[in-house]
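Worksheet: the structure to be examined is printed underneath.
The values are calculated or read from the model by the stated rules, or taken from the named source; none is laboratory data. Keep in mind it's a predicted model, so treat the numbers as computed, not measured. Methodologically, a virtual Cβ is constructed for each residue, glycine included, from the backbone with ideal geometry; neighbour enumeration extends over all protein chains shown. Note: accessible area is taken over every heavy atom of the protein model, side chains too, but ligands, DNA and RNA are not part of it. Shrake-Rupley method; radii C 1.70, N 1.55, O 1.52, S 1.80 Å.
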Amino acid sequence: MLKTLIIDDEPLAHQVIKHHLQGCDDISVLASCYNATEALRYLAQQQVDLLLLDINMPALSGIELLRVLHNRPAVIIISAYKEYAVEGFELDVVDYLVKPVSPERLFAALNKLRRRLVAVKPATEPYIALKVDREQRKFLLNDISLLEAYGNYVKVWQGEQVTLVSSTLKRLLQQLPGQQFVQVHKSFVVNKGKVLAVEHELLRLDGDQQVKVGKLYKHQLIGLL
């Protein structure tokens, strides 16, 4: 699912784009911003995969936004002005669309992005196979946020989704890469990449999940972020 932000100072442009995207099951429009300053504030708090970006906006143009934006997501420019296309492609945008945009032209740009993502995506993502009821089930390591001891079982948290697997926390921890997972409590193992904040005896994970840090494990917080 491509988390998408639309940035355009014209409300009608937002309506048109959203209408065109209705048939795209892999596009999720998280929000709409009506100027670049508003977009910068949003992007400081939320990670997105794709910007659908206008050029001519008040105060800060779309091109200026791209120049100041760190860790840029993929960008498709949608503008009424053709003359900025060269600057756009110099900033490695996926495509440059001229208004009014047809659904076919937008779909072609999205397909170009999908091909680019497939080209850079690893052939296989690291995973672990765990016993769930009577079957072995695959869990992608990057999707796991938290492991929670539950007697002779472990709760595997993937965001808000939780699965009960047949294993002890100790045995499961031995199967996981130490550079990615760390035990912070006798009952909790966290994915380092999902940790957003550290405060005394609490960790805040992606999705606002909070985890208590045990006294014997406080040394694990050094360098965690």
> Can you pick out the pairs among LYS18/LYS212; LYS3/LYS155; LYS138/LYS192; LYS155/LYS215; LYS3/LYS99; LYS82/LYS194 whose Cα atoms lie more than 31 Å from each other?
Replying inline: LYS18/LYS212; LYS82/LYS194
> When P(r) over Cα pairs in 10 Å bins from 0, in percent is calculated directly from the model, which label among (1) 8, 36, 40, 15, 1; (2) 7, 27, 24, 21, 16, 5, 0; (3) 8, 33, 35, 18, 5, 0 fits?
Replying inline: (2)
> Which order do GLU201, GLU83 take by accessible area at a 1.4 Å probe, largest first?
Replying inline: GLU83, GLU201
> Taking only C-alpha pairs under 8 Å that are 6+ residues apart, what is the relative contact order of the chain in percent?
Replying inline: 10 percent
> How much accessible surface does GLU38 have with a 1.4 Å probe, in Å² rounded to 10?
Replying inline: 60 Å²
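Could you order HIS200, HIS19, HIS185 so the one with the most accessible surface comes first? Probe is 1.4 Å.
My answer, sorted largest first, is HIS200, HIS19, HIS185.
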> Top to bottom by accessible area (1.4 Å), largest first, where do VAL86, VAL156, VAL16 land?
Replying inline: VAL86, VAL16, VAL156
>> I'd like the FRET efficiency for TYR81 and TYR42, computed as 1/(1 + (r/R0)^6) with the beta carbon distance as r and R0 of 30 Å, rounded to 0.05.
In response: 0.80
> Within the stretch 103-142, which trypsin sites (Lys or Arg not before Pro) sit in a loop by DSSP and count at most 10 neighbouring Cβ atoms inside 10 Å?
Replying inline: ARG134
> Mind checking which helices in the chain clear 18 Å along their axis (Cα) and have mean Kyte-Doolittle hydropathy of -0.5 or more, DSSP H runs only?
Replying inline: 103-120
> With each label point set 7 Å from Cα along the Cα-Cβ vector, what nm distance links GLN175 and LEU140?
Replying inline: 1.9 nm
> Out of VAL156, GLY223, LEU169, whose Cα points farthest toward the positive end of the dipole of the chain (charges: +1 Lys, Arg; -1 Asp, Glu; placed on Cβ)?
Replying inline: LEU169
> Working out 0.36 nm times the residue gap between GLU64 and ASN152, then minus their Cα-Cα distance, what length gain in nm do you get to one decimal?
Replying inline: 26.1 nm
>> For the stretch 1-119, what does the relative contact order come out to in percent, with C-alpha contacts under 8 Å and a separation of six or more?
In response: 23 percent
